[in-house]
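Encoded as structure tokens, the structure appears first; notes follow it.
The values are calculated or read from the model by the stated rules, or taken from the named source; none is laboratory data. Since we're looking at a predicted model, the values are computed, not measured. Every residue, glycine among them, receives a Cβ derived from its backbone with ideal geometry; neighbour counts consider all protein chains shown. Surface areas here come from the heavy atoms of the whole protein model, side chains and all, with no ligands, DNA or RNA. Shrake-Rupley method; radii C 1.70, N 1.55, O 1.52, S 1.80 Å.
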Amino acid sequence: MAGASVTSTNYRRDKARKLRSRDILSLARPRDWVSRAVRQAQLDALVRLVPATVAVQILTAAVLVIGLRGSIDNLQLGLWFGTALLLCFLRGIRAVRLRIDPEYAQAHPARLGTICLVITMLAALWLVPPLFWFDAAPPSEKIFMCVLIAALLSAGSITLVSLPQAAMIYIAIVTVGCATLALKFDSMAMFMLTFVYAGVLALNVLSSARQFILHTRDRIELKEQGEIIKLLREFEASGSGGLWELNGSLRLTKMSPELLSAIGFTEDEVIGRPYRTLLDPADRIAGLSTGMRSLFTDLEEGNAFKDRAVPSSNRERWWSLSGKPMFDERGLLVGWRGVASDITEARLTGNDSVRAARTDPLTGLANRLLVRELLEEAVMRQSEGLDGCALFLVDLDRFKLVNDTLGHAIGDQLLVEVGQRLSKAVDSGGRVGRIGGDEFAIIWHGPTERADLAAVAEKIIAELSKSVSIGAANLHIGATIGIAVCPSDGLREEQLMRSADLALYRAKEAGRGGHAFFERFMFDEAEDNRLLEQDVREALSSNGLTLAYQPIIDASTGEIVAREALLRWRHPRRGDIPPDQFIPIIEDAGLIHQIGDWVIREACAQAARWDSRMRVAVNISAAQLSGAGLSKTVLGALASSRLEPSRLELEVTENVFLGDDAATLTSLERLRALGVRLVLDDFGKGYSSFGYLSRAQFSKIKIDQSFVRGAAEGSKDCVAIVHAILALARGLGVETTAEGVETEAQAEVMRCLGCAQLQGFHFGRPVPVEEFAGADEAVRHRRSA
């Protein structure tokens with residue numbers, strides 16, 4: 001402990017010797033951040049004392065004026081006191097505003113030059129009494145004047161000690177007044193003592209100011225060291241590198257020797273340099289690197305960042321940058337401090353956290369972060385004409401089935417095998433990564449002609465379509481691939497990712513097990529869907545969606561027995577948007593629950609106003625059947641509208657049974673328990689299982705319009721299918737409705753075959769509630785005809 005104390009004392013002595021008097025008294029603006037912080041602390045300390053000092057000065061001036069008013073002209077006294085009062089008042093008001101108004105302090109900060117000027121004016125005012133009024137003053141006031149000037153000299157050296165420049169000016173001027181008084185007393189001894197006293201005060205000011213500056217600097221540096229240690233712990237810097245600092249103008253103010261050595265610059269070459277000219281001197285990397293653009297954005301907007309990986313200006317190294325903004329005591333941004341680490345080798349072959357953060361723990365392949373970095377590298381090399389660059393996104397087919405039936409352990413082993421097969425298929429032509437779930441990415445740097453890329457895709461699909469044996473299980477999967485090529489499909493990493501993803505989506509739509517190249521129309525369609533999604537959200541919030549109702553007719557009597565509620569959207573610029581265009585967008589955007597619930601509530605509210613024998617039908621999507629939310633919505637809609645549950649029909653299509661069958665049946669059972677009628681729509685068109693008809697206890701089957709048209713045209717297959725459906729319905733005791741009836745001939749065929757209800761344009765198009773009267777009249781006219 002004693003040794004530590006001696007070391008600390010010696011350290012402070014060394015710093016004190018380095019702090020020269022001319023540095024203490026310098027009026028120049030400090031160059032480094034710590035010295036500027038010390039100067040600000042000096043100014044703040046002085047400003048805190050201003051209100052008290054001006055009060056004392058005003059009180060002292062008032063006492064002096066009262067004592068001299070019988071011997072000195074009142075006009076002179078008034079002018080002098082008024083000037084002193086005004087100067088002190090303005091100084092005090094400004095000091096108070098600087099302390100309580102941060103915006104004013106930022107716009108009009110305290111400055112050393114201004115303070116020295118004000119102190120000069122105040123000190124000069126105190127020269128007036130000894131120079132001009134001393135001879136006319138009575139003896140008692142002369143003594144008072146001598147004591148007063150001496151006291152002011154001492155007080156000024158104490159109150160201004162934090163700012164020695166102003167203190168020295170004040171002491172020098174007031175000393176002139178003291179010396180003048182000594183000469184007026186014809187006392188050479190007093191005259192000499194005045195300068196000795198002033199010299200002692202000056203030395204005391206320098207000593208006290210030196211201690212103040214050293215204490216303040218120690219405090220700031222200690223705080224800085226603590227923040228650096230915290231910074232290193234927080235960012236967990238690894239690799240080779242060091243520390244860096246920027247000022248508020250984003251210019252470099254500090255860089256550790258380790259970092260300077262790593263980048264091959266000297267301190268003089270980087271200090272004062274804008275950060276952009278160091279990271280991207282040709283202003284080219286930011287156009288290709290997402291990481292570099294994100295880094296620039298964070299620095300410009302004042303956002304802290306961590307582990308931001310960016311390529312070096314010569315594109316031979318990769319750096320991980322972390323940084324946080326620095327604020328002064330008033331909360332103003334004054335600079336940045338951070339850590340830089342060279343991760344070139346560590347991210348690919350290291351064993352530390354840098355490598356771990358870029359590796360998929362299951363397969364050992366590159367993860368999404370490293371895939372992005374590798375793709376940026378490939379884009380930059382392609383821009384220099386060194387290599388080709390293409391991106392394959394590979395999505396596994398039937399992988400979910402493996403996970404659901406055999407468990408995640410088998411699924412994980414399958415993913416490892418897929419990764420190995422992909423690496424083998426790609427070989428040295430690219431780099432494989434897993435970017436999530438059952439989706440893989442391949443950064444290809446070989447030939448990029450379409451025929452070559454198509455051959456690679458077919459090879460991958462063939463390799464992944466081979467059976468995989470894991471334990472006793474013999475698994476069969478496949479793959480679908482989307483391909484994007486640089487530069488035609490994108491000049492940046494995120495553009496290529498988006499293009500390949502759109503191509504993958506198109507390949508899935510085409511039936512899986514194939515590949516697709518990105519085409520421009522894919523982006524146009526995706527952008528159009530994005531804009532439509534925005535518009536449909538706006539339409540939902542502004543009541544832009546409406547319901548139209550299509551009549552369902554009793555086949556024997558021709559009377560309207562029900563109406564089907566159909567969602568309609570009239571776009572303000574595009575006109576009527578077909579449901580098959582905007583319904584998928586609603587489902588993809590996750591709005592189907594919100595909009596579906598509104599449709600149920602609105603349809604029930606309208607049906608409550610109809611004839612008590614007429615039902616309303618509402619379509620339900622598979623997504624709405626998940627959970628218990630739909631049954632709660634239906635129960636709420638029935639309660640608020642007071643509609644009989646049996647008058648509400650909920651229509652589902654056969655594809656609702658393609659997912660979780662048990663969960664689907666549970667949801668349907670909850671709905672049936674409320675008393676509503678369940679209807680199986682488009683029966684026979686898609687996935688069919690007669691078991692679900694009885695297990696879900698449907699009240700009605702709707703025959704798909706394709707069979708209706710085929711039967712009316714005399715197709716034996718369609719007639720046989722309709723006969724089978726009707727026989728099945730009679731056996732189960734459920735109603736049947738023929739959909740898509742557009743002519744009287746189709747209607748007559750369905751009647752003859754025994755269908756109970758008919759629906760289609762022949763009996764009326766979907767119309768809003770306001771047009772019911774005209775539509776019903778048309779149905780009655782057709783029935784009488």
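Mind checking whether some residue in segment 391-402 is of a type in the set (Phe, Trp, Tyr) and buried (at least 22 other Cβ atoms within 10 Å of the Cβ)?
Yes, that holds for at least one residue.
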Self-check item: Odd one out for residue 474, checked against (1) touching a Cys at 6+ places or on another chain (Cβ under 7 Å); (2) not in a helix (DSSP H, G or I)
Solution: (1)
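Could you check segment 83-183 for helices (runs of 4 or more DSSP H) lying wholly inside it with 3 or more residues that are at pLDDT 85 or above and either open to solvent by 50 Å² or more (accessible area, probe 1.4 Å) or closer than 20 Å to residue 55 by Cβ (or both)? If you could, list the steps in order and put the result at the bottom.
Details: elements: 102-107, 112-125, 139-159.
Result: 112-125, 139-159.
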Practice problem: Kindly indicate which of 494, 525, 449, 509 is surrounded by fewer than 18 Cβ atoms within 10 Å (Cβ to Cβ), farther than 23 Å from residue 363 by Cβ and not assigned by the TED database to the domain that holds residue 375. | Solution: 525
Quiz item: Is there a residue in segment 304-320 that is outside any helix (DSSP H, G or I), modelled with pLDDT under 85, of a type in the set (Lys, Arg) and over 30 Å from residue 106 (Cβ atoms)?
Solution: yes
Quiz item: Considering only segment 510-534, how many residues are out of contact with any strand residue (DSSP E or B) (no Cβ under 9 Å at 6 or more places or on another chain), over 21 Å from residue 375 (Cβ atoms) and charged (D, E, K, R)?
Solution: 6
Quiz item: Any residue in segment 573-595 that is among the basic types (Lys, Arg) and free of Cβ contacts under 8 Å to residues at least 24 places away in the same chain?
Solution: yes
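Quick check on residue 49: is it open to solvent by less than 30 Å² (accessible area, probe 1.4 Å) and either in a helix (DSSP H, G or I) or not charged (D, E, K, R) (or both)?
Values: open to solvent by less than 30 Å² (accessible area, probe 1.4 Å): no; either in a helix (DSSP H, G or I) or not charged (D, E, K, R) (or both): yes.
It is false that residue 49 is open to solvent by less than 30 Å² (accessible area, probe 1.4 Å) and either in a helix (DSSP H, G or I) or not charged (D, E, K, R) (or both).
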Practice problem: Output the residues belonging to segment 530-572 that are touching a residue at least 40 places away in the same chain (Cβ under 8 Å) and either among the small types (Gly, Ala, Ser) or more than 28 Å from residue 740 (Cβ to Cβ) (or both). | Solution: 533, 537, 540, 548, 555, 556, 558, 562, 565
Exercise. Sort out which residues of segment 260-293 are assigned to a loop (DSSP other than H, G, I, E, B) and more than 15 Å from residue 313 (Cβ to Cβ), and write them in order of number.
Key: 266, 271, 272
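Of the residues 296, 392, which single one is part of a helix (DSSP H, G or I) and of a type in the set (Phe, Trp, Tyr)? Even if it seems obvious, please write down each step before you answer.
Details: 392 fails: part of a helix (DSSP H, G or I).
Answer to the check: 296.
Yes/no per residue for (1) farther than 20 Å from residue 615 by Cα; (2) of a type in the set (Phe, Trp, Tyr):
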position	(1), (2)
542	yes, no
545	yes, no
550	no, no
556	no, no
559	no, no
564	no, no
575	yes, no
582	yes, yes
Quiz item: How do the pairs read when you match residues in segment 471-494 that are more than 11 Å from residue 390 (Cα to Cα) with residues anywhere that are among the basic types (Lys, Arg), using Cβ under 6 Å and keeping only pairs 6 or more apart or on different chains?
Solution: 477/398; 480/508; 480/512
Quiz item: Quick one: would you say residue 430 is assigned by the TED database to the domain that holds residue 474, open to solvent by less than 40 Å² (accessible area, probe 1.4 Å), in contact (Cβ under 8 Å) with a residue 12 or more places away in the chain and of a type outside the set (S, T, N, Q)?
Solution: yes
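From the residues in segment 372-389 that are outside any helix (DSSP H, G or I) and small (Gly, Ala, Ser), which one is modelled with the lowest pLDDT?
Within segment 372-389, the first condition is being outside any helix (DSSP H, G or I), and the residues that meet it are 384-389.
From what's left, small (Gly, Ala, Ser): 385, 388.
On the way: 385: 79, 388: 87.
Only one residue tops the list, namely 385.
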Quiz item: Which number in (1) open to solvent by less than 70 Å² (accessible area, probe 1.4 Å); (2) modelled with pLDDT under 90 marks the one condition that residue 80 misses?
Solution: (2)
Exercise. For residues that are surrounded by fewer than 21 Cβ atoms within 10 Å (Cβ to Cβ) and more than 13 Å from residue 553 (Cα to Cα), tally how many sit in segment 725-741.
Key: 8
Exercise. Among what's in segment 403-423 and is touching a strand residue (DSSP E or B) at 6+ places or on another chain (Cβ under 8 Å) and open to solvent by 20 Å² or more (accessible area, probe 1.4 Å), pick the residue that is modelled with the lowest pLDDT.
Key: 406
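Which residue, of 536, 561, is touching a Phe, Trp or Tyr at 6+ places or on another chain (Cβ under 7 Å), in the same structural domain as residue 598 (by the TED database) and closer than 30 Å to residue 616 by Cα? Full working, then the answer.
Details: 561 fails: touching a Phe, Trp or Tyr at 6+ places or on another chain (Cβ under 7 Å).
So the residue among 536, 561 that is touching a Phe, Trp or Tyr at 6+ places or on another chain (Cβ under 7 Å), in the same structural domain as residue 598 (by the TED database) and closer than 30 Å to residue 616 by Cα is 536.
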Practice problem: Inspect segment 184-193 for any residue being touching a helix residue (DSSP H, G or I) at 6+ places or on another chain (Cβ under 9 Å), modelled with pLDDT of 90 or more and under 21 Å from residue 21 (Cβ atoms) and give the result as yes or no. | Solution: no
Self-check item: Members of segment 433-446 found to be open to solvent by less than 20 Å² (accessible area, probe 1.4 Å), small (Gly, Ala, Ser) and part of a strand (DSSP E or B), listed by number
Solution: 433, 441
Self-check item: Odd one out for residue 67 among (1) open to solvent by 30 Å² or more (accessible area, probe 1.4 Å); (2) touching a residue at least 60 places away in the same chain (Cβ under 8 Å)
Solution: (1)
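Does residue 353 qualify as being within 28 Å of residue 506 (Cβ to Cβ), at pLDDT below 85 and not charged (D, E, K, R)? Working first, answer last.
Details: within 28 Å of residue 506 (Cβ to Cβ): no; at pLDDT below 85: yes; not charged (D, E, K, R): yes.
Considered against the rule, which asks whether it is within 28 Å of residue 506 (Cβ to Cβ), at pLDDT below 85 and not charged (D, E, K, R), residue 353 comes out as no.
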Quiz item: Here is a list of conditions, (1) touching a helix residue (DSSP H, G or I) at 6+ places or on another chain (Cβ under 7 Å); (2) β-branched (Val, Ile, Thr); (3) modelled with pLDDT of 90 or more, and residue 561 meets all of them except one; can you say which number that is?
Solution: (1)
